[in-house]
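Take a look at the structure below.
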Amino acid sequence: MNRLAPNSIAFTLYLAAAVALGPLSTDMYLPTFPQLAAFFNASAAEVQLTLSIFTFGIGGCQLIYGPLTDRFGRKPVIVIGLFIYVFASIACLFAYHIDQLVILRFIQALGVCAAIVVPRAIVRDLFKREQAAQQLSRMGTIMGLAPAIAPVLGGYIAAFYGWQSVFFVLGLASLIVGLVTLLLVDESLAEKNFNALRPSHIVRNYLDLLRHREFLGYALTGGLSFGGLFSFISGSPLVLIEVLGVRAENFGYFFGIVVLGYMSGTLLGPKMTNARGLSFSVGIGTVICAIGGGSMVLAAWAGMNTLTAVVLPMVIYTLGMGVVLPQSQAGAMAPFPDKAGSASALMGFLMLGFAAFLGFMIAYFYDQTQFSMVYAIGLMGLSTLAVFLVTVRGSSDEQWEEN
């Protein structure tokens, strides 16, 4: 059986499919929020907790998976993680209390986290910085189809077969990716780090990363930009369905329009990077994020309580995020070929841990209006630009050399 070659389209599709399990796990079940609230007799905040705990779990578990992949290799870690996710997804079908679903969502996060950490580390293993940025952008473009299609698909699946069927489909998708990994993908780590799991080594690695200006700058810039998207993911089922009156089965179409902005950004980012460099493209992306987030806040202040006033600024925001996120990931990991797993993990922890906190706060302050979501997105847009200007702009990142 032929193995997947690193420079092949099939390999890119595989990496994108693995990473896409993360957003699929959130976006596909968003339209089921009203069903979950009715089935479990739960409040909006309790249902939102199934999303926040999942995101928090992914963020926290990445700190464990990073050293594991550096010690044991990429392939065994992602295979085990994918099959943990399969079992947790099937168990979700039998949950009869909201607390059980919350716990199972955390176990899902424990498994799928491997599918988020490992592909980024594989890209760093196999490609140099500029090539890595292009590969991550291509993955982002392909992966963008998942959140574009997932809410629509999830809405119809749940409408016809119930919310449990969504988790069955997620488990099946993870099983397929796991089998492809097991049978067709080679190990990418050239040399295992036998000290990677020593506590002192783990702490030293993470402290070295946090002290590195370019790593911290790029990681925070990408993380804050993602925070704006996650604010929309967390708040949009409430705002679009309950406040603006969108039918649950139609929710996915509006979500898909927003994702098209992200996909466009992932196509634009590599072109700017090739022409002007990585930091230039990230800087342009942060400006676009700030414009999108700021315009959404201004529209809300002006009393524009319409779909256009929410969706159009969010498309602008995600266009900028599509430029920022893949380029920031490449910039953050480029200086650390010897600890790509730990760099990928810490970057993901900063990104998703903060996103989980934002999701909880949006649900906590939700007052039957769009303002808690809108303010969070506006703050993330402006913060993305501010952090970039303080930490990354004018840095020496363009002079880094590959080992």
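Just so you know, all these numbers are worked out from the coordinates, no wet-lab data involved. Owing to the predicted nature of the structure, the values given are computational and were not obtained by experimental measurement. Note: ideal-geometry Cβ built from the backbone for every residue, glycine included; neighbour counts use all protein chains shown.
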Partner lysines whose C-alpha sits under 27 Å from that of Lys75, ignoring same-chain residues fewer than 8 away, are Lys128, Lys192, Lys339
Residue separation between Asp186 and Ser43 times 0.36 nm, minus their alpha-carbon distance, gives in nm 46.9 nm
Where a ≥ b ≥ c are root eigenvalues of the Cα gyration tensor, a/c under 1.5 meaning rounded, otherwise prolate if a/b exceeds b/c and oblate otherwise, the chain counts as oblate
Gyration tensor on Cα atoms of segment 328-398, a ≥ b ≥ c root eigenvalues, a/c under 1.5 rounded, else prolate if a/b beats b/c, else oblate, says oblate
Going residue by residue through segment 40-46, the Karplus relation 6.51 cos²θ - 1.76 cosθ + 1.60 with θ = phi - 60° gives ³J(HN,Hα) values, rounded to whole Hz and with x marking Gly or Pro, of 9, 6, 10, 7, 4, 5, 5
For the chain, cysteines with no other Cys Cβ under 4.7 Å from their own Cβ are listed as Cys92, Cys289
In the neighbourhood of Gly341 defined by beta carbon distances under 12 Å, the net charge of the other residues (Lys, Arg +1; Asp, Glu -1) is +3
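Neighbouring Cβ atoms within 10 Å as the yardstick, rank Lys271, Lys339 fewest first. Could the numbers behind the result be given before it?
Numbers: Lys271 13, Lys339 25.
Placing the least packed residue first, the sequence is Lys271, Lys339.
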The simple spin-label model distance between Leu267 and Asp99, using points 7 Å out along Cα→Cβ, in nm, is 4.9 nm
Summing +1 per Lys or Arg and -1 per Asp or Glu among the other residues with Cβ less than 14 Å from Ile284's Cβ gives +3
Once Lys and Arg are counted +1 and Asp and Glu -1 for all other residues with Cβ under 14 Å from that of Asp186, the total becomes +1
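Using the beta-carbon distance between Ser8 and Arg198 and R0 = 41 Å, what value does 1/(1 + (r/R0)^6) give for FRET efficiency, to the nearest 0.05?
E(calc), rounded to 0.05, equals 0.65.
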Rg/Rh of segment 141-255 (Cα atoms, Kirkwood Rh), to two decimals, equals 1.11
